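First up is the structure itself, then whatever we jot down about it.
The values are calculated or read from the model by the stated rules, or taken from the named source; none is laboratory data. In this text, all values refer to a predicted model and were calculated from it rather than measured experimentally. Counting neighbours? That spans all protein chains shown, and the Cβs are built from the backbone with ideal geometry, glycine included. Ligands, DNA and RNA are stripped out before the accessible areas are found, and what is left, the full protein with its side chains, is counted by its heavy atoms. Shrake-Rupley method; radii C 1.70, N 1.55, O 1.52, S 1.80 Å.
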Amino acid sequence: MELTNTLMRAGLDPIKVALSSTKQLFAMPEAQLLGFKTSLIFEAFTFHYNNNAFYRSACDEKRITPESLRSPADLIKLPLIPIHLFKANDNHKLLSKSLKSVELEMRSTGTSGIPSVSRRCSETVDNAILGIYAMYREFFEISKGAGLYLCPSNEEIPEMGMIKALNLMAGLLDTHKFMVRSDNFVPEDALNQLSVWENNFDRHIIGPPFLINRFIRFLKATNKRIKLDKNTLIITLGGWKRFSGEMLSRAEFNSECMEYLGVEKHQIRDIYALVESNVVAIDDKHGIKHVSPYIHFSVRDPQNLDKEVALNEVGQLAILDPSARSTPGFILTEDLVRLLPKTDNDHRSGQRVEYVMRLPESTEFGCCAVNLDKQLDETEELHSSACPVVA
Amino acid sequence: MYNDIIVDNFSAPNYVGDLETADHEIEIGNPVCGDRIKVQLLISDSQISKAVFRAWGCATSLATANVFCRSIEGQSITTISKRCTQEISSMLGELEPSQRHCLDILSELHSKLVSQLDIGVA
């Protein structure tokens with residue numbers, strides 16, 4: 001609380017300072033970091049409590065007021081917005097600001113086809129962009145190179161959250177190419193592009209896991225192995241479950257990347273993110289995901305959501321995000337995760353998380369990636385049943 | 001970013017609802033972005049006596065559904081079928097490029113209504 005007050009007295013916005021001080025926050029002692037992010041979350045809570053009638057009524061029902069929140073132990077008291085409400089057709093009630101101040105609508109569409117729409121005001125867009133770039137710099141340290149995007153461009157699907165988040169990285173690179181065009185992915189073109197960039201750029205492959213897996217399947221089928229660069233990163237974002245329901249194994253994915261793309265395990269990095277929140281949790285070089293340090297993950301017992309599970313135990317993820325201003329950033333997801341303990345060789349404070357799976361009773365799974373997977377399968381099927389062209 | 005028509009209709013969607021037994025239903029959608037609108041109608045004496053909707057998607061498409069229902073309720077089917085493109089376009093006010101796909105949604109709602117009720121445009 002003291003740090004927050006000092007920053008405010010100096011005329012600074014504590015959340016903006018936090019967003020641009022990722023490295024310093026990761027270097028703080030645990031208790032100090034928890035205290036700082038707690039004060040940011042309580043300030044955000046007060047804003048939504050005062051400006052959002054829907055959220056306020058949930059608070060009144062639980063008899064939670066800004067005055068009743070004093071310490072990190074009180075974080076569990078914050079009313080949570082179930083994530084499915086972002087899909088509801090009356091999701092206007094989630095807004096803490098007028099629609100007039102909303103600058104950006106982003107969406108994610110899972111297997112049900114019903115989009116989850118999140119609306120961000122200018123202040124929230126500022127926060128999201130600052131936070132995402134800071135985390136990309138912290139974990140990827142990218143400022144040059146070439147990005148082979150195994151996904152469609154924002155031009156083709158402008159509002160898709162996953163593509164938008166990945167596309168932000170393109171600004172850090174020297175060049176990039178989107179390899180999925182008009183629902184078509186031609187792996188030969190991707191391979192050719194990598195060879196055009198060879199010896200000119202560090203080549204990075206970026207996209208949802210299943211699409212990178214699709215590229216590897218092509219390499220496997222044609223018995224080709226490539227050797228990417230020592231600074232290459234294979235960056236994944238999106239679900240690990242295919243439209244068909246088949247789960248991609250992370251271990252198998254890593255081992256195939258190593259065999260067919262010629263990279264080391266520390267070069268393969270996954271991002272956990274969701275369109276409804278500004279959080280990104282990114283793999284470090286040991287494959288451990290670190291949560292944005294100003295955001296708090298509270299892992300709940302799915303049978304009793306008022307209770308947190310212990311470290312290392314699987315539970316339902318609740319996100320407390322103080323950077324969300326247009327809608328409350330206090331969200332109950334349908335994801336099962338576990339928080340991991342800090343290991344001896346890990347210099348960062350804050351939370352580490354492992355994604356386990358979507359809640360079994362969840363009515364749907366997947367994000368934009370799962371629909372992309374379905375479309376590509378359908379396109380391939382269409383082409384495979386087409387009449388052969390006879391010369 | 002959003003004009004007053006969109007803000008008002010999104011923020012107070014008075015025509016959201018379901019009918020247990022509807023005389024007609026119109027449903028349109030875009031499988032890629034997920035925008036979906038379902039309109040239910042009660043019709044008596046060639047007049048739309050009630051129109052309600054459920055919609056999923058961007059704020060402008062939700063507002064579009066409300067604008068459409070408000071504009072057809074109490075109107076005769078013949079009157080609605082005579083609306084010209086310009087009249088339909090003006091119903092949503094000035095839109096930004098990223099919102100203009102909702103003009104297509106509004107036109108599609110009109111043409112589905114007209115074709116479903118089997119009335120040609122005069």
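In the structure displayed, which of A:23/A:265; A:87/A:144; A:224/A:289 lie more than 28 Å apart, Cα to Cα? Working shown, then result.
Working: A:23/A:265 24 Å; A:87/A:144 38 Å; A:224/A:289 31 Å.
Checking Cα-Cα distances, A:87/A:144; A:224/A:289 exceed 28 Å.
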Just the number, please: carbon plus sulfur as a percent of the accessible area of the protein assembly as shown, 1.4 Å probe, no ligands or DNA/RNA counted. 51
Violating pairs (Cα-Cα greater than 27 angstrom) within the set A:37/A:97; A:16/A:177; A:100/A:177: A:16/A:177; A:100/A:177
For the pair B and A, the solvent-accessible area buried on both sides (1.4 Å probe; DNA, RNA and ligands excluded), in Å² to the nearest hundred, is 1800
May I ask for log10 I(q)/I(0) of chain A at q = 0.11, 0.12, 0.13 Å⁻¹, from a Debye sum over the Cα atoms as equal point scatterers with solvent left out? -0.80, -0.94, -1.10
Length-normalised contact order of region A:1-78, Cα under 8 Å, at least 6 apart, in percent, tallies to 27
With bins of 10 Å, the percent of all Cα-Cα pairs of region A:39-144 per bin from 0 is 12, 34, 36, 16, 2, 0
Rolling a 1.4 Å sphere over the protein heavy atoms, what is the accessible area per residue of the protein assembly as shown, to the nearest Å²? 44
Give me the angle, in degrees from 0 to 90, between the Cα long axis of helix A:161-170 and the longest principal axis of the Cα atoms of chain A, rounded to the nearest 10. 70
Over region B:22-69: Rg over Rh, Cα atoms, Kirkwood Rh: 1.04
Scoring chain A by relative contact order with C-alpha pairs under 8 Å, at least six apart, yields a percentage of 20
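Other chains' Cβ within 10 Å of B:2-10 residues: what's the mean?
Per residue, the average neighbour count from other chains is 3.
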Expected unfolding gain across residue A:23-residue A:68 under the 0.36 nm per residue rule, minus the alpha-carbon gap, is 13.0 nm
Step through the residues of region A:210-220 one at a time and calculate ³J(HN,Hα) from phi using the Karplus curve (6.51 cos²θ - 1.76 cosθ + 1.60, θ = phi - 60°), rounding each to whole Hz and writing x for Gly and Pro. 5, 6, 5, 4, 5, 5, 5, 4, 5, 4, 5
For region A:148-188, what are the per-bin percents of Cα-Cα distances with bins 5 Å wide, up to the bin holding the maximum? 6, 24, 33, 23, 12, 2
Helical mean residue ellipticity (222 nm; -39500 (n - 2.57) per DSSP H run of 4+; nearest 500) of the protein assembly as shown: -11000 deg cm²/dmol
Over all directions, what mean area does the Cα convex hull of chain B project, stated in square nanometres? 7.2
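Looking only at Cα atoms, what is the convex hull volume of region A:193-240 per residue, in Å³? Show your work: numbers first, answer last.
Working: hull volume 3.7 nm³, N = 48.
Residue-normalised Cα hull volume stands at 77 Å³.
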Hey, could you grab the Kirkwood Rh for region A:107-202? Inverse mean 1/r over distinct alpha carbon pairs, Å, one decimal. 15.1
Rounding to the nearest 10 and keeping the result within 0 to 90°, find how far the Cα-based axis of helix B:101-116 lies from the longest principal axis of chain B. 10
